[in-house]
Amino acid sequence: MKLNALQALFLGVILVIGGTSHGRAQEPAQSAAATKPVTQEEMGASSKAHDEKYVIGNDDVLNISVWKEPDLTKAVPVRSDGKISLPLVGELQATGKTPLQLERDITDKLKNFITTPEVNVIVQQVNSRKFNVLGEVSHPGSFALTASTTVMDAIAIAGGFRDFAKKSGVYILRKGPDGKESRLNFNYKSFIKGKNSDQNIRIEPNDTIIVP
């Protein structure tokens, strides 16, 4: 049977469309085969947040997680003797170590019970690093210290000045490595006028701010 010119053109268009659709249908399968899936182990390793500078202290609260082990994943306080307790692991020294060091210690202990344990240690609450604010502030006392706390921050955390506070006579008592105590002055009145901005220093652990 002979086809006229119009019928031949119509048949050619159908063949072209069919071939294109067939080629597209195969693309996802080829792409999926060429892409290597990310394993759970790789995801776990890449998502860890290691702190190599912070040193754990007494009363800190640690968030310890072990992949696929819900009974070992919990918030653990550091006791006054500097140790923590975990199932299977028992007691471990935590104070004086970084989270990364403690993570390695826990991993070594768990290798006796779990194949390739994935452990993550994060400091959930810092209670060992504290500073004091005393004198004419609304809420004198001891407060948890963060890395960026300045004198102004500390006064604000303590509720601010009372009405009769001597704002120009604030000072910080700080002990050095040799045990000697130094006095660092902070003139609030000058500071808010843009003067002596270098006096708004960062607070260090165990600093005591006195507001006369």
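The values are calculated or read from the model by the stated rules, or taken from the named source; none is laboratory data. Every value quoted in this text rests on a predicted model; they were computed, and no experiment measured them. Every residue, glycine as well, gets a Cβ built from its backbone with ideal geometry; the counts of neighbours run over all protein chains shown.
Hey, can you tell me all the residues within the stretch 104-127 that are more than 17 Å from TYR54 (Cα to Cα) and either among the acidic types (Asp, Glu) or not assigned by TED's automatic domain parsing to the domain that holds LEU62 (or both)?
Our first condition is that a residue be more than 17 Å from TYR54 (Cα to Cα); within the stretch 104-127, this holds for 106-119.
ASP108, GLU118 - these are the residues of the stretch 104-127 that are more than 17 Å from TYR54 (Cα to Cα) and either among the acidic types (Asp, Glu) or not assigned by TED's automatic domain parsing to the domain that holds LEU62 (or both).
Within the stretch 139-186, can you find the residues that are at pLDDT below 90, part of a strand (DSSP E or B) and of a type in the set (Lys, Arg)? Can you show your working first?
Step one: filter the stretch 139-186 for residues at pLDDT below 90, giving 144-148, 175-180.
This time we only want the ones that are part of a strand (DSSP E or B), so: 144, 175.
Within the stretch 139-186, just LYS175 meets the criteria.
Sort out which residues of the stretch 104-153 are of a type in the set (A, V, I, L, M, F, W, C) and more than 24 Å from PRO212 (Cα to Cα), and write them in order of number. First the steps, then the outcome.
To start, the set of residues in the stretch 104-153 that are of a type in the set (A, V, I, L, M, F, W, C) comprises 106, 110, 113-114, 119, 121-123, 126, 131, 133-134, 137, 143-145, 147, 151-152.
Within the stretch 104-153, ILE106, LEU110, PHE113, ILE114, VAL119, VAL121, ILE122, VAL123, VAL126, ALA147 qualify.
Total residues in the stretch 187-212 satisfying the condition of being touching a helix residue (DSSP H, G or I) at 6+ places or on another chain (Cβ under 9 Å), free of Cβ contacts under 8 Å to residues at least 40 places away in the same chain and not in a loop (DSSP other than H, G, I, E, B): the figure is 5.
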